[in-house]
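K.L.:
I'd like to ask you about the structure that follows.
Derivation of every value follows stated rules applied to the coordinates shown; laboratory data play no part. Keep in mind that what you see is a predicted model, and the values were worked out from it rather than measured. All Cβ positions, even for glycine, are placed from backbone atoms using ideal geometry, and neighbour counts span all protein chains on display.
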Amino acid sequence: MDPLYFRAIPCPFILIGTAIYAHLGTRLRLGAGYLFLYALFPFLLNLFFFVGFYSNDAPAFLGGAFCCLAAHHWLAPNPRSHRALCFFLLGLTLASVKLTSLLLAALFTASLCLLHLAPCKQLSWPAYAASAAWFCCLLLPYVVFWQQYGSPVPDTQGQRDMMAAFGTTAPAHAMGFARFCLAMLPRLADQSTDPEITGLPLLWFLASIASLFCIPRIRGVAATRSDGITPVATATAFATFATLTIHLLFVYQRYISYGWGVGDINLRYYFPLLPAYGQLALAATYGTVKSLLERSNAS
């Protein structure tokens, strides 16, 4: 088979994930202008740049989208717990093709369920047992890697050859971890050599998280258009920053050993929670605009 045909494999994953992204945006019940901003979010991140690349990022993206869809059912006024559980398990299964996406999706799922326990009462013990057993099966390959290689992400010969091809060697005077993080974090915005474009949604997301956590008025206005915006914001922020911390620790170890780090950190590792990022950015934008308009009318 012509290797070019493999480029078609990621397309269904990206398209279905994008359909879930669009569906969750319409659930916010906002006007066309806000939905345009929501639709713009993945384009600014160059998501569709990866449609034609055969990699595990496509199923990871779809897995995270299913977890975000499950969150919508979990937090609904009349929770559909069993449907949400099925979507969570499907999402975690797809996300398990990559360790960072599995971490991201699992931390998001676990923190969301802990923050909103009410739907748990609808689930039976067999459902919990089956879910725990299935999640252990998803972790099994990484446990085997850890036993055989000492790491859930094996340092394979192929990776070492790639590093050698780039001429990377361990630094004589390595940076400390804090300085290394300051040097590497800006690279998250360097997606496809377009940092001035992909940096915008990152700043938008960070500002949205800050406003939803620090300004109760904006959070309250945003909540009128989104059920459970606070637990989603909390779970998303926790999952993202916890995964990013673990990710940076791993990349730092690679840097110490090989002088390698540039290729180990990229925005696409965080695409699985893209629907949640888009929803939070849109909800915070709506809350901010409404609050400003109300204040200007009052004055």
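K.L.:
Rank by packing, highest mean first: peptides 287-294, 64-71, with packing defined as the count of other Cβ atoms within 10 Å averaged across residues.
P.N.:
Details: 287-294: 15.6, 64-71: 28.2.
In descending order of packing, they fall as 64-71, 287-294.
K.L.:
Select from PHE88, VAL51, MET175 the residue farthest towards the positive end of the dipole of the chain; place +1 on Cβ of Lys and Arg, -1 on Cβ of Asp and Glu, and compute about the Cα centre.
P.N.:
About the Cα centre, the residue reaching furthest to the positive side is PHE88.
K.L.:
If you place +1 on the Cβ of every Lys and Arg, -1 on the Cβ of every Asp and Glu, and leave all else neutral, what size is the dipole of the chain about its Cα centre, to the nearest 20 Debye?
P.N.:
840
K.L.:
Hey, in the GNM for the chain with a 10 angstrom Cα cutoff, which one of LEU103, LEU182, LEU274 fluctuates hardest?
P.N.:
Its mean-square fluctuation being the largest, the pick is LEU182.
K.L.:
Still on this structure, I have one more. Angle, helix 229-258 long axis vs. longest principal axis of the chain, Cα atoms, 0 to 90°, nearest 10?
P.N.:
10
K.L.:
In deg cm²/dmol and to the nearest 500, what is the mean residue ellipticity at 222 nm of the chain if only DSSP H runs of at least 4 residues count, each as -39500 (n - 2.57), divided by the residue total?
P.N.:
So the calculated ellipticity at 222 nm is -23000 deg cm²/dmol.
K.L.:
Report, in degrees rounded to the nearest 10, the 0 to 90 angle that the Cα long axis of helix 32-44 makes with the longest principal axis of the chain.
P.N.:
Value to nearest ten degrees: 0.
K.L.:
Taking 7 Å along the Cα-to-C-beta vector as the label spot, tell me the ILE9-PHE53 distance in nanometres, rounded to one decimal.
P.N.:
Each label point lies 7 Å from its Cα, and together they span 1.5 nm.
K.L.:
Once both axes come from the Cα atoms, what is the angle between helix 195-214 and the longest principal axis of the chain, in degrees from 0 to 90, rounded to 10?
P.N.:
Here the helix axis deviates by roughly 50 degrees.
K.L.:
Taking the alpha-carbon centroid of each part, what is the distance from segment 1-59 to segment 85-162 in angstrom?
P.N.:
So the separation of the two Cα centres works out to 23 Å.
K.L.:
Could you run the Karplus curve 6.51 cos²θ - 1.76 cosθ + 1.60 with θ = phi - 60° over segment 120-126 and give me ³J(HN,Hα) per residue in whole Hz, x for Gly and Pro?
P.N.:
Residue by residue, segment 120-126 yields 4, 5, 7, 8, 8, 4, x Hz.
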